[in-house]
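Student: My questions will all concern the structure given below.
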């Protein structure tokens with residue numbers, strides 16, 4: 001009887017323990033997914049800041065996806081309009097008309113306060129910049145873009161910035177000009193051949209072609225003389241981008257990125273191959289750098305300094321070394337961020353030049369005057385191409401410029 005009573009007490013104790021634990025977990029989940037968002041909604045509403053209502057777990061994502069899909073299904077109106085905001089950020093354009101320049105939206109249970117008032121933006125970015133930190137990207141995006149300079153903080157950010165800055169000195173970038181010139185010359189020759197085969201006129205998607213040129217240039221800037229090996233790795237990252245884009249559209253399903261679906265397994269395999277390829281490449285370049293230093297050939301003779309060589313040389317010192325894992329992340333970040341921004345800039349500049357042929361004529365005459373009919377632009381020519389630089393500048397009168405910046409408030413300043 002005593003043993004049965006003790007067993008019964010133990011069973012009831014475990015039962016109550018599990019029930020209590022389950023209740024605690026339920027309360028924590030309910031607070032994170034419902035009560036906290038509702039409290040934040042009420043907090044901002046008391047200050048006059050409203051927005052689309054929060055929906056359990058998904059926030060406003062469904063409405064955002066629907067608005068973006070609707071905008072993408074229609075051509076821009078009018079076709080020559082420079083107002084790209086209704087197309088690029090359709091949900092923001094729609095809700096701003098309803099709730100004003102400052103309103104609250106929800107990415108799942110995570111709130112985003114959107115601000116467009118110039119004075120308030122200035123206060124956030126300048127006057128009280130120390131109260132705001134970099135936006136923490138979604139894990140799917142972070143896996144793709146890498147944990148590099150754009151997402152680092154504190155001393156680590158300062159170290160990486162100091163090491164990588166020489167890669168962006170004008171003298172160093174000018175040494176890339178011949179490679180870029182040859183890439184663009186090959187591109188125009190292919191366009192000329194396509195037009196000739198089509199009877200003198202052909203329609204092309206310039207964004208795809210510009211992306212190829214941007215990939216080649218960024219690969220050279222990142223890996224230098226290891227261009228061929230780096231190109232293979234970055235091609236795999238290009239494939240990974242397609243899988244990540246599809247996975248990001250399914251963030252409404254909690255934990256979807258952990259499901260062993262066919263696409264997720266392919267994505268995981270590609271990520272492993274990318275890391276393995278970069279680690280091998282970094283190891284080979286590190287060995288070459290060590291041999292060169294041993295033979296007193298550590299300098300590059302005034303040649304182009306690529307990102308990888310700068311990081312390896314920094315890691316070669318006894319202090320403030322950059323680990324291989326950090327080098328890997330920086331390579332991914334530079335490729336992902338640089339390719340998209342460069343492609344978008346070139347594509348939009350081309351669209352604007354198509355709308356304003358007179359600027360095409362002015363830029364073409366300047367290139368011929370400065371470089372000649374057959375000579376590719378060199379680093380000596382670049383400072384003289386004022387009109388060409390102006391056509392791709394946000395200060396150009398035909399250039400529509402929108403700033404989209406995301407920040408998060410430091411925890412210690414939230415009270």
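FYI, it's all coordinate maths here, none of it is from the lab. Small disclaimer: the values here were computed from a predicted structure and weren't measured. A quick note on method: Cβ atoms are made from the backbone with ideal geometry, for glycine too, and the neighbour counts reach across all protein chains shown.
Student: Would you pick out the residues in region 37-58 that are assigned to a helix (DSSP H, G or I) and without any contact (Cβ under 8 Å) to a residue 12 or more places away in the chain?
Tutor: 39, 42, 43, 45, 46
Student: Among the residues of region 73-94, is there at least one that is in contact with a strand residue (DSSP E or B) (Cβ under 9 Å, 6 or more places away or on another chain), more than 27 Å from residue 339 (Cβ to Cβ) and surrounded by 12 or more Cβ atoms within 10 Å (Cβ to Cβ)?
Tutor: Within region 73-94, none of the residues are in contact with a strand residue (DSSP E or B) (Cβ under 9 Å, 6 or more places away or on another chain), more than 27 Å from residue 339 (Cβ to Cβ) and surrounded by 12 or more Cβ atoms within 10 Å (Cβ to Cβ).
Student: Still on this model: Does region 97-107 hold any residues that are closer than 11 Å to residue 61 by Cβ and either surrounded by fewer than 19 Cβ atoms within 10 Å (Cβ to Cβ) or without any contact (Cβ under 8 Å) to a residue 24 or more places away in the chain (or both), and which are they?
Tutor: Scanning region 97-107 gives a single hit, 107.
Student: Next question. Would you check which residues across region 76-96 are assigned to a helix (DSSP H, G or I), in contact with a helix residue (DSSP H, G or I) (Cβ under 7 Å, 6 or more places away or on another chain) and touching a residue at least 24 places away in the same chain (Cβ under 8 Å) and list them?
Tutor: Within region 76-96, 85, 91, 94 meet the criteria.
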